[in-house]
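The values are calculated or read from the model by the stated rules, or taken from the named source; none is laboratory data. Predicted, not measured: the structure shown is a model, and the values here were computed from it. Neighbour counts run over all protein chains shown; Cβ positions are idealised from the backbone, glycine included. These area figures cover heavy atoms from the full protein model, side chains too; ligands, DNA and RNA do not enter into them. Shrake-Rupley method; radii C 1.70, N 1.55, O 1.52, S 1.80 Å.
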Amino acid sequence: MPWRPRPWRARLLRALPGLLLASAAFELLWAGAAIGGDEPWPLERAPRLATGACLLWLGALLCLLQGRARLWGALACNGLTSLLVVIDLVHHDYLGEPTSATELLHAWQLRNVQSSLAGALGATHALLFLDLVLALCLAFALRGVTANSPWRARWRGALALGLGGVLLAAPASWLVLEDPEQVFEQRSSRRSLVRGVGLLPYHLGEIGWLSTRLLARSGVGPAERAAAAAHLERRAPGPAGQHSGAARGANLILIQVESLHAFPLQARLAGRPVMPRLERFRRECLEFTLYDQTGEGATSDAAFMALQSLHPAPRGAVATRYYGNRFFGLPHLLRAEGYATFTAVGAVGEYWNMARMRSALGIERALFAKDFPGESFGQGVCDAVVLEASARHLGTLREPFFAFLVTLSSHHPYRLPERHRQLPLGELEGSLLGDYLQSLHYLDAALGAFLERLRQSGLLDRSLVVIYGDHEAWLGDTPALARFCGYAPGDELRAWSTRRELPLLLRLPGARARGPQAAPAGHLDLAPTILGLLGRPGPQSVFLGRDLTRPSSAPVVLRDGSFVTREVRFLNRAGPLSGCSAYDPSGRRLPLTPLAEARAAARRSARAATASASRRATLATGRRESREGAAGAPGWPPALAASRSACSRTSPTVWPFAANSSSR
């Protein structure tokens, strides 16, 4: 009698794809809740239903396959889901948001942050693949079993699952189409999108959004050009700043410091300063509080905004998406004034595509990791080696020169070789916060030695020196951080300010002016402020930032729609106005109703980050022709047509102007 498989084995083979999809649904819902948070939402069940709808549609496709092909398809879907969940969780732990489609397209950049990636993975992430391993074992055990179904049954099953998915998707579809709080139109917070529709629908929507943008790369029409020109013409420069021209004819040394917050500059551990040298140096400087305006591009976004005074790309990074364009910002303007231009970073040239971006931004000479023989750890050659070599190189440049230096040793996960760990951490030993402070203490020694060398050579008093933090360090809102910074856990404003506030120090030649300044600053403000101090205001009308030394009440608008003025700290959230918070600088809560109009203006500014390709391109000017014709063609206002400070490109790269008069 021939051997026949037992019926339960065939039933198990038929049931296994459904079990795999159910396991994937559990992982997606769990990760979506962890990432999206528990803030109130109009339809709290929409994410679950939308996730279920996507999986039912996926099940409908699998239903059309025969038994073993269906099993392998379900295994592939489960494995990809687990991988996506791990990527999102790690990205959220590190950057506070899920990943995006454009970031996944540039996953090759992960080789430059291997130490950060290895430190972020844990046992919980491995457990997410346990169901896949068990299913593979079962598939191997059932290798001789078949469970085929008639094609009519498969089609009926696929139709039933598809219709079920349509019903489940209805609440989330209504939420997206109606968009009562403009969350999906603005797309300023990925966490808000996940909270609204769920993790898997968010990613499918991201893929659709990216596909439409790639297929709809159209030019700039007359209406868009006219709107951009009218906006820029309205932005009159205003009166000269208090220190306008105070550094006329001086060299410019611009130093971007990795992950530098404002609070470590005055921090103490057991009575010992964390950054003693920079703390002393800041007493010679004009000191501003800089609010983090970066996006997905992080370090590269900070550099782009500082040099270009334009917002970066709404998705991905200008450095990896638009490196073939030419940009006419600070380096090009200073080269036109006879400055030699130079940059140095201890990373490989492929890090954030810096080698290609260097020439696109107009910098003549660059030094990368291969040019610095010496000790390396973390993301590249250590800061002490890079800054020492840079100081020597500056002595060989003709003056005036512009030097743009980027530090790396304080990069996540902030782990230094034991010989460089000189700061006693006490109870913070072994913690992320402790490692962060230790890396800043090392950076402080390297930067202090660099500045002292400039002082001894006389370059310090012949130069405008600007030091700023590139982005937040993603330390999390932990009790340890609250204790260290001296605020109570749950203090919303202090926690937000600790994360968002970075330092901006400007030392004039001879330290002619110094002291804290009340005006809040953003990365967009660096280039206009520097040009004003150098006495070379240039075409301010196409800079989205402002000269910080000029009187202004313009807010600093962040990517999520939050904004800061001298009098207000507005913390925006998706949803109604009642879910937001507002404080004065002393921490006293402010009524929200009088700020509704200001919030709407800031939200329009944040929404501009995801405007259509043609609208973003309205800021394009320069030497190369776009698809519509050369920049500066007839019809452009003279101030705009003559400008060389905006991007020249055949595809859009930057956020458009803000919709309100502040334009930031």
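Tell me which residues, restricted to region 368-385, are open to solvent by less than 40 Å² (accessible area, probe 1.4 Å) and under 25 Å from the mean Cα position of the chain (by Cα).
Residues satisfying the conditions are PHE368, ALA369, PHE377, GLN379, GLY380, VAL381, CYS382, ASP383.
When you scan region 474-482, do you find a residue that is modelled with pLDDT of 95 or more, over 19 Å from LEU558 (Cβ atoms), among the β-branched types (Val, Ile, Thr) and not in a helix (DSSP H, G or I), even just one?
No, that holds for no residue.
Quick one: which residue in ARG603, ARG559, ARG616, ARG569 is buried (at least 21 other Cβ atoms within 10 Å of the Cβ), at pLDDT below 80 and closer than 18 Å to TRP496 by Cβ? Talk me through it step by step, then tell me what you get.
Details: ARG559 fails: at pLDDT below 80; ARG616 fails: closer than 18 Å to TRP496 by Cβ; ARG569 fails: at pLDDT below 80.
Selected residue: ARG603, the only one of ARG603, ARG559, ARG616, ARG569 that is buried (at least 21 other Cβ atoms within 10 Å of the Cβ), at pLDDT below 80 and closer than 18 Å to TRP496 by Cβ.
Which is open to solvent by 10 Å² or more (accessible area, probe 1.4 Å) and either in contact (Cβ under 8 Å) with a residue 12 or more places away in the chain or out of contact with any strand residue (DSSP E or B) (no Cβ under 8 Å at 6 or more places or on another chain) (or both), of LEU361, LEU437? Steps first, please.
Values: LEU437 fails: open to solvent by 10 Å² or more (accessible area, probe 1.4 Å).
The unique qualifying residue is LEU361.
Examine region 62-80 for a residue that is closer than 15 Å to ALA25 by Cβ, open to solvent by less than 30 Å² (accessible area, probe 1.4 Å), in contact with a Lys or Arg (Cβ under 8 Å, 6 or more places away or on another chain) and not polar (S, T, N, Q), and state whether such a residue exists.
Yes; the residues of region 62-80 include at least one that is closer than 15 Å to ALA25 by Cβ, open to solvent by less than 30 Å² (accessible area, probe 1.4 Å), in contact with a Lys or Arg (Cβ under 8 Å, 6 or more places away or on another chain) and not polar (S, T, N, Q).
Being in a loop (DSSP other than H, G, I, E, B), open to solvent by less than 80 Å² (accessible area, probe 1.4 Å), modelled with pLDDT of 75 or more and touching a helix residue (DSSP H, G or I) at 6+ places or on another chain (Cβ under 8 Å) is the filter here; which residues of region 115-147 pass it?
Filtering region 115-147 down to residues in a loop (DSSP other than H, G, I, E, B) leaves 121-122, 128-129, 142-147.
After this cut, where a residue has to be open to solvent by less than 80 Å² (accessible area, probe 1.4 Å) as well, the list is 122, 128-129, 142, 144-145, 147.
Those left that are additionally modelled with pLDDT of 75 or more: 122, 128-129, 142.
Passing the criteria: LEU128, PHE129, LEU142.
Considering only residues that are assigned to a helix (DSSP H, G or I), in contact (Cβ under 8 Å) with a residue 40 or more places away in the chain and over 16 Å from GLY162 (Cβ atoms), which ones fall in region 52-69? Show your work before the answer.
Within region 52-69, the first condition is being assigned to a helix (DSSP H, G or I), and the residues that meet it are 52-63, 67-69.
If we keep only those that are in contact (Cβ under 8 Å) with a residue 40 or more places away in the chain too, we end up with 52-57, 59-63, 67-68.
The answer is GLY67, ARG68.
Which of the residues belonging to region 504-527 are closer than 18 Å to ARG566 by Cβ and either modelled with pLDDT of 95 or more or not aliphatic (A, V, I, L, M) (or both)?
Of the residues in region 504-527, the ones closer than 18 Å to ARG566 by Cβ are 504, 515-522, 524-525.
Result: LEU504, GLY515, PRO516, GLN517, PRO520, ALA521, GLY522, ASP525.
Quick one: count up the residues across region 251-280 that are under 19 Å from ARG507 (Cα atoms) and open to solvent by 10 Å² or more (accessible area, probe 1.4 Å).
Within region 251-280, residues that are under 19 Å from ARG507 (Cα atoms) and open to solvent by 10 Å² or more (accessible area, probe 1.4 Å) number 6.
Hey, SER244 hits all of (1) more than 22 Å from the chain's Cα centre (by Cα); (2) closer than 19 Å to GLY448 by Cα but one; which does it fall short on?
(2)
Out of the residues in region 573-594 that are part of a loop (DSSP other than H, G, I, E, B) and touching a residue at least 40 places away in the same chain (Cβ under 8 Å), state the one that is farthest from ALA313 (Cα to Cα). Don't jump to the end; show me each part of the working.
Narrowing region 573-594 to residues part of a loop (DSSP other than H, G, I, E, B): 573-576, 580, 584-588, 590-592.
Of the ones still in play, those that are also touching a residue at least 40 places away in the same chain (Cβ under 8 Å) are 573-576, 587.
Numbers: ARG573: 21, ALA574: 21, GLY575: 24, PRO576: 27, GLY587: 33 Å.
Ranking the qualifying residues of region 573-594, first place goes to GLY587.
Kindly indicate whether GLU296 is of a type in the set (D, E, K, R), open to solvent by 10 Å² or more (accessible area, probe 1.4 Å) and not in a helix (DSSP H, G or I). Lay out the reasoning, then the answer.
On the way: of a type in the set (D, E, K, R): yes; open to solvent by 10 Å² or more (accessible area, probe 1.4 Å): yes; not in a helix (DSSP H, G or I): yes.
Yes: the conditions hold for GLU296.
So in region 210-233, with the set limited to residues that are open to solvent by less than 30 Å² (accessible area, probe 1.4 Å) and of a type outside the set (Gly, Ala, Ser), which one is modelled with the highest pLDDT? Steps first, answer last, please.
In the first step, residues of region 210-233 are kept if they are open to solvent by less than 30 Å² (accessible area, probe 1.4 Å); the result is 210, 219-221, 228-229, 231-232.
Filter once more, keeping what is of a type outside the set (Gly, Ala, Ser): 210, 220, 231-232.
Numbers: LEU210: 71, VAL220: 61, HIS231: 65, LEU232: 68.
Only one residue tops the list, namely LEU210.
Within region 473-513, how many residues turn out to be open to solvent by 20 Å² or more (accessible area, probe 1.4 Å) and farther than 22 Å from ASP584 by Cα?
10
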